[in-house]
Structure formats: structure tokens, C-alpha cells
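Just below is one structure, and these are the notes that go with it.
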Amino acid sequence: MAEMSVSISAVELESTVIHISSSNSQQLKVSSVDPRNIDCFEAMNESLRARYVYGIIFFVTNLTAWFIRDYGHSVFPPLYYKEACGIGGHDCFHTFGVLRVSLGCFIFFHLMFLTTFTARKLYEACSKWHSGWWGLKVVLLLVSMVVPFFFPPDFIHIYGEVARVGAGVFLLLQLISVIEFIRWWNKYWSPNEQSKHSCCSIALFTSTVFYGVSICGIVSMYYFYAPKPACPLNIFFITWTAFLLIVMMAMSLHSKVNKGLLSSGIMASYVVFLCWSAIRSEPADEKCNIQKPDNGRFDWTTVLRFLIAVGTIVTATFSTGIDSKSFQFNKNEVKQEDDIRYHYGFFHMIFSLGAMYFAMLFISWNLEDSSNQWSIDVGWASACVKIINEWLAATIYMWKLIGPVVKKPKVVNNEESMQA
């Protein structure tokens, strides 16, 4: 009887343990689904979707500035404020119309910058304001776009001068972002011990393609934009670009730098593109530019080039805005689940600078003359800005190559130090 009671108690104890362990496992499964994790996941998705909405807003603002510049005077003749726009409305359309729309876009994104630059966590009020409240932000956008049309022309002219500086800052930040992306690309495809052969093959093939494209670009620019010695400026631009390619390749292959050909090949193609874009921005009636003057007329190719240019502006602004990591000092900081995935304040600051940048492109960096219909970034001022942008890009890239070598401390031998 004693043995039976002991066995029965053992069975009861085992069933109790099984019951407890099963209940604990169920409790663990239930507790593993944390409602706060679900909220953070939804907030993260909302913030990632919000940046595309801001990109669409920026794109629509670009099209609004173009429409005000080219067709605003004929579509809205009686609706302007005469004290700000003048009797004929000239100060609210054409060049000043673009600046007024740009100012409205700048005000909106600058307000968003001021209200979101302190956001660090997804559940904070600033983060929720960035990702939601779209009805209120639409009203804020409309008010920001309308208010500049009541400002006097002198104030708009001052904003135009400031916008030149802001557009230059935007170009500088964009260059740093592009160069950091090239460095990341080169590091991502750099050979390692596991896949050394495949990475070397891919990097060699890619660098060959980029260098081939760069050489073809140089030859094509000589053929189309410097066909005779009477084009000394274009010959200088193209020749200097070819010289920069050789210098960047030599520096990247130097034994103390040893960065390979991939990054220098990508940068070479980018520099050639900037040179081509600068020469294309020269006035169409110049003898060294093969483009024919449009005389105010346009066809489907003109419209297509214009839309591609606007799309490029929006894409460049968007990609620079979400690339806040390139401008951080501590890039290895570990992200937690409730941390924001991109810096909201930096994102809106880039878009506010981008508003100044697209204004300069639409007025060709000239506050006095009005651009032709469906034209963008055409004129000597635009060409000079792009050439300076090209030289600055090459300078920053070469400094990125030799900077670590120059700053590297020298190792002194112990025997030499004792003798000294």
C-alpha cells in the first residue's frame, strides 16, 4: 500500500509539473507578443511611408513653380495682389513667381524642421506629427504657398539672394552624400577571404565599364562641343575634366592609398556627367553648342527632358534627405526598436534647401532675366555653377582619398628614438 501511494503521488506530481510547464509556455508565448513592439512597428512603417508623401509634395511644388513661371501670367491675370505684384503682375509671375513658390515651400519644410528636429523615438509627439496629421499639414502647406504672394518685391529679391547661398549649400551636401555612397559601394564590393575571387571579378568588370563610359563621354564632348579651335572654353573644360580623371585614378592606385579602381571609376563617370551637364547649360545660340535655339517653341523631346530634369531634382533631394548617416560623427551607433530610422529634422532641412535649389534651376541662377518656356537650368550662370560643382566634387573626393594618409601618425622606431 505504501508503494502504491508513493507511485500515485509521483504520477500526480508529474502531471502537475507537465501542467505547470505547459501553462508557463503558453504564458511565455502570450508575453512574447508585446503590444509596444507592434506599436513601434506600425509607427516605423508610417514614418517610412511619410517620406514618400513629402517627396510627392515637393514634386507638386516644383510643377507649380514651373506653371507660375510659364503660364501664370495668362491664366491668373485678375487674381494677383497689385501692391505686391505690381500693376501688370510682373512681380508675381516669371522669375519672381518662381521665387515666391520656392519661398512658400521653404517656409513649410522649415516649419517641419523646427517641429521635428528633436525627434529620436517613434512614440514621441514630434514623430507622430511627422508621420501623421496630414489634414492640418495640407492647410499649413496652402497657407505657406499663398502668403509669399503678399510680400513686397524687395523682400522677394532678398530671398532670391539668400536662395543662391542655400542652393550652394544643398549642392555641397549632395556631393558629400554621393561621395559617401561611392565609398560604401567600393567597400561593399571590396574582396574578402570568403569571396575574394568573385568580388574582384565584379569590381574589375564594373570599374572597366565606368572608365569606358567616362572615356566615351570625353571623346563625345570633344566631338560635339569642341569641334574647332574657336571653342577654347569648352576645350579647357573637357581637357581639365580628363586631367582630373587621370589624377583620381593615379591617387586611388597609389600604394599608400590603395583604394582600387572601382570608386575612382564611378567618380570619373560622375565628374564627366557634371562636365557634360555644364556644357549643355550654355546658351543654345552659342557657336560651340550644337543645340539649336528653340525660339520659345517646344516639342515632345523638350517636354521629356524637362520632366526628367524635375524628376532628377526630386530624386536628388529625397536621396540626400534620407542619408543623414553620411553626416553623423558616430556612424556605428546601434539602433533600438523604438528609434527613428532616419533623422526627421535633417530630412526637412534638406527639402527646405532643395526648395532654394529648384528655384535657382528654374530661373537659371539669374534674378533679372526670365527663362524660356519649358527650359530649366540654361545660361552661363548655370554652366559656371555646374563647372564649379564638378571641380568641388573632384576636390572632395581626392581629399577623402589622401586625408587618412595625411592625418595618419608616423610610427617612430624605438632605436631611432633612443638615438635621438
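For the reader, a short list of remarks on this structure follows.
- Efficiency of FRET between residue 125 and residue 162 - r from beta-carbon atoms, R0 30 angstrom, step 0.05: 0.45
- Taking a sphere under 13 Å around the Cβ of residue 92 and counting the other residues whose Cβ falls inside, with K and R at +1 and D and E at -1, yields a net charge of +1.
- Environment charge at residue 263 (Cβ cut-off 12 Å; Lys +1, Arg +1, Asp -1, Glu -1): +3
- Considering only alpha-carbon pairs that sit under 8 angstrom and 6 or more positions apart, the relative contact order computed for segment 51-130 is 24 percent.
- Neighbourhood charge, 14 Å Cβ-Cβ cut-off, centred on residue 182 and excluding it, Lys, Arg +1 and Asp, Glu -1: +2
- Under the shape rule built on the C-alpha gyration tensor, where the axes satisfy a ≥ b ≥ c, segment 37-155 is prolate, since a/c reaches at least 1.5 and a/b is greater than b/c.
- Karplus-derived HN-Hα couplings along segment 210-227 (A = 6.51, B = -1.76, C = 1.60, θ = phi - 60°), whole Hz, x at Gly and Pro: 5, 5, x, 5, 5, 5, 4, x, 4, 5, 5, 5, 4, 6, 8, 10, 9, x
Each reported figure results from applying straightforward, stated rules to the coordinates on display, with no laboratory input. Computed from a predicted structure; not experimentally measured. Cβ: placed from backbone, ideal geometry, glycine included. Neighbour counts: every protein chain shown.
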